[in-house]
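Derivation of every value follows stated rules applied to the coordinates shown; laboratory data play no part. What you see is a predicted model; the values in this text were computed from it and never measured. Reconstructed Cβ throughout: ideal geometry from the backbone, glycine too, with neighbour counts over all protein chains shown.
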Amino acid sequence: MALSSPTHCSSLTLSPHFKSHSPTLSPSPKNPAKMRNRQVQILSLLITFASAATLLSTPAAAQPPPFSCDPSSPSTKSFPFCKASLPISKRAQDLVSRLTLDEKILQLVSSTPAIPRLGVPAYEWWSESLHGVSNAGRGIHFDGTIKSATSFPQVILTAASFDADLWYRIGQVIGTEARAVYNAGQATGMTFWAPNINIFRDPRWGRGQETPGEDPLVTGKYAVSYVRGVQGDRPQGGGKSRGGLQASACCKHFTAYDLDRWKGVDRYDFDAQVTAQDMADTFQPPFQKCIQDGKASGIMCAYNRVNGVPSCADYNLLSNIARRQWSFHGYITSDCDAVSIMYDNQKYAKTPEDAVADALKAGMDVNCGTYLQNHTKSAVEQRKVSVSEIDRALHNLFSVRMRLGLFNGDPKKQPFGNIGPDQVCSQKHQDLALEAARSGIVLLKNKGKHLPLQKSKFASLAVIGPNANKASSLLGNYAGPPCKSVTLLQALQSYVKDTRYQPGCDDVVCSSPQIAQAVEVAKAADHVVLIMGLDQTQEREDFDRVDLVLPGRQQEFITTVAQAAKKPVILVILCGGPVDIRFARDDQNIGSILWAGYPGEAGGMALSEIIFGEHNPGGRLPVTWYPQEFTRVPMTDMRMRPEPSTGYPGRTYRFYEGQSIFEYGHGLSYTEYSYKFISVTRELFYLSQSAKSQPDEASDASPRYRLVSDLGADFCKKSNFVATVKVKNHGDMVGKHPVLLFVRHAKPSSGSPMKQLVAFQSVELKGGETMKVQLALNPCDHLSRANENGVMILEEGWRFLEVGDQEYPINVMA
């Protein structure tokens, strides 16, 4: 079973006033920070026990899914909010107008009570689906006919495939299975708080595993693909507009959230100091894509402050940027307890009522927890918040529930009503989980083509390591009960009859390794597979690392066993965040290294297939793997750009000037690929051809430039161009291969990225096959950069398009 990490709502889940759905008011805890920490630890254990109990419990009697506007009820015909023919805005307005103030306040929290007089059932806003439908939230229950769901690889590994179509198909499965759980009467909500699209800025972040990595373009494309799949849209968008949601996706955590708990600094108190430049080209682009292109129906505002302002109290962020500039149509939820900490922890608000008012006036709609339930009425009475602000929030909330079809009568007669339990954990879905794991696993090292192994050439295999026989280690956090559970040891045993197993360490901490026993097992086997790395005890929500090396005595254990083995060993690393394994990279006794992230329910089989050559690895790292020396950089320093005068090295492949253990995009294969630029449809761009006649003057130290906003939509649209690259597989094996296209400025100005990923596409090539790949580009999107004011500009000068070892020059002229 999955060992799920504490969810972001852990701070409220166990608090006395949140255990009950009762609307009675309760006081806040006297020491909220201390209580949160204790609850985070307890919840991790509770989720584990709950997941185990799910598999052992007797199925509950089937219940119909909760819905409003029952056609058998006489009152339904009299309520305009029940008339599906009316615009949703009018229906929501009608429903809100019928509520008393007390009823309205009770609908502002994540666990909302029923409104019996209107036929409105209770609703739970908090459900989770990070990499599969999960019971980590309160809205999903695996206690009926459906007892599990497809568990895909943790997001960081899925991102390593660089395959947007795969990401969309995973989202589709999650949305389908979510609706099936609802139709089976095992869900009290259809709003799922995923994906996590924060940038993996620092390698120590415990939740980096939940994200698509460190690149804004990749993260944005992942968000769009996932959201479209979950919500039931077409791959290219435009299929659902503002209605007909299969399930509701929520992009989190808005914004600049990437620190949980590090050396005494926690997310509840942290004030992220972010420059306008970094905000514009690193932290905000994924959310803009998620909203504008993905049409996400939900956003979650984060715990942390950004430049002194709590995200959930930031009017500019929630109302001006998200709703006005990006045209967001959906609901905004707080992270759990994020309103209370404005008063309890951050001291941003002087009273609880001020905290409530700040959040509602900023544009937040629903509070995960009970804080608004407890303090909104007094805030109204004190005239700190108006009823119109409450009505605005409720309009957004009920609109999303209506878009989900929950106010259209019997769900079985609605568009998604035929999705049944047979579509959960179907063979097709499990096959996709296997494909995702295969596509993401990265071959980091393969000295002398040590892999793949050939079964016919050896008789015995030693499988050693604390992660070898723990199915939970394959899942990562936020996982629900998987369809099946196969460890890597079990999968390898299906290939080699004489497989000897030795855990070597009691757990990944490896404080007292059984080195002698492991050495004896290794000596006796023809080949050795070491399965090491991290697990959720080392990186998770509310727990960041302080080191980048393997925990405990793992390095000593690996080196000693490798030295004793007959042949170079195979090292499999399970982890979400990067680890400094330069010792293994440089060790001649370690022939191959595979990074498997947390590969999900099918991870054991996928790894075995790769090790024995039934699948050709093609994943590429979605994060830079930094050396241990990087830990000298404070995790609290949010700057992306380097500062040479102080020795600050910068962050991510775009700006980092230090040495790497493995670079962003690194990944080997059992075959070799070559690239060649065939054509670029446009090589020269003139800034003077846009509406504004003259570019801005350059200083002695910087080139001339134009604001992208001044270039005009017509110029940008007409400037689209396509780079065509020929890719050839020079080997014998079929291979799935991500083609990554970067742009590099010949003479980068201050603050420019060293290089930037501008397009990618995953292709599958047979041995000896050649394919032409077309990559669409636009100078306004892909050749521009943010200036110090956070404004996108297009500078004159030469650039080089780069793919592999090939480059192609293009020029922007004033």
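Among the listed pairs Lys252/Lys736; Lys252/Lys717; Lys221/Lys728; Lys676/Lys736, which have their C-alpha atoms separated by more than 28 angstrom in this model?
Lys252/Lys736; Lys252/Lys717
Find, among the trypsin sites (Lys or Arg not before Pro) in the stretch 554-591, those assigned to loop by DSSP (not H, G, I, E, B) with at most 16 other beta-carbon atoms within 10 angstrom.
Qualifying residues, ordered by number: Lys566.
Can you tell me the order of 219-230, 255-266 when each peptide is scored by its average per-residue count of other Cβ atoms within 10 angstrom, highest first? Before the final figure, lay out each step's value.
On the way: 219-230: 27.8, 255-266: 20.5.
Order by mean packing, descending: 219-230, 255-266.
What nm distance separates the two modelled labels at Lys497 and Lys484, each placed 7 Å from Cα along Cα→Cβ?
About 2.3 nm, to one decimal.
Around Phe81, with a cut-off of 9 angstrom between Cβ atoms, what is the net charge of the other residues, counting Lys and Arg +1 and Asp and Glu -1?
Cβ neighbours under 9 Å give a net charge of +3.
Summing +1 for each Lys or Arg and -1 for each Asp or Glu, what net charge is found among the other residues whose Cβ lies under 11 Å from the Cβ of Ser719?
+1
For the stretch 160-215, what class follows from the C-alpha gyration tensor (a ≥ b ≥ c being the square roots of its eigenvalues): rounded when a/c is under 1.5, otherwise prolate if a/b is larger than b/c, else oblate?
The shape class here is oblate.
Give me the aspartates and glutamates in straight-line cross-link reach of Lys772: C-alpha distance below 20 Å, same-chain residues under 8 apart excluded.
Asp163, Asp165, Glu672, Glu683, Asp732, Glu764, Glu802, Asp805, Glu807
Give me the net charge for the shell around Gln382: Cβ to Cβ below 11 angstrom, other residues only, Lys and Arg +1, Asp and Glu -1.
0
Hey, if you drop one equal point scatterer on each alpha-carbon of the chain and run the Debye formula without solvent, what base-10 log of I(q)/I(0) do you get at q = 0.04, 0.06, 0.11 Å⁻¹?
Scattering profile of the chain, log10 relative to I(0): -0.17, -0.38, -1.28.
Once you order the gyration tensor axes a ≥ b ≥ c over the Cα atoms, which shape class does the stretch 673-813 get: rounded for a/c under 1.5, otherwise prolate or oblate by comparing a/b with b/c?
Here the stretch 673-813 falls in the prolate category.
Using Cα positions and a limit of under 24 Å, work out the lysines in reach of Lys484, with same-chain residues fewer than 8 apart set aside.
Cα-Cα hits under 24 Å: Lys147, Lys428, Lys470, Lys497.
Can you work out the PRE-style zone for Gln63? Point 7 Å along Cα to Cβ, and I want the residues of the stretch 154-191 with backbone N under 13 Å.
182-189, by backbone N distance to the label point.
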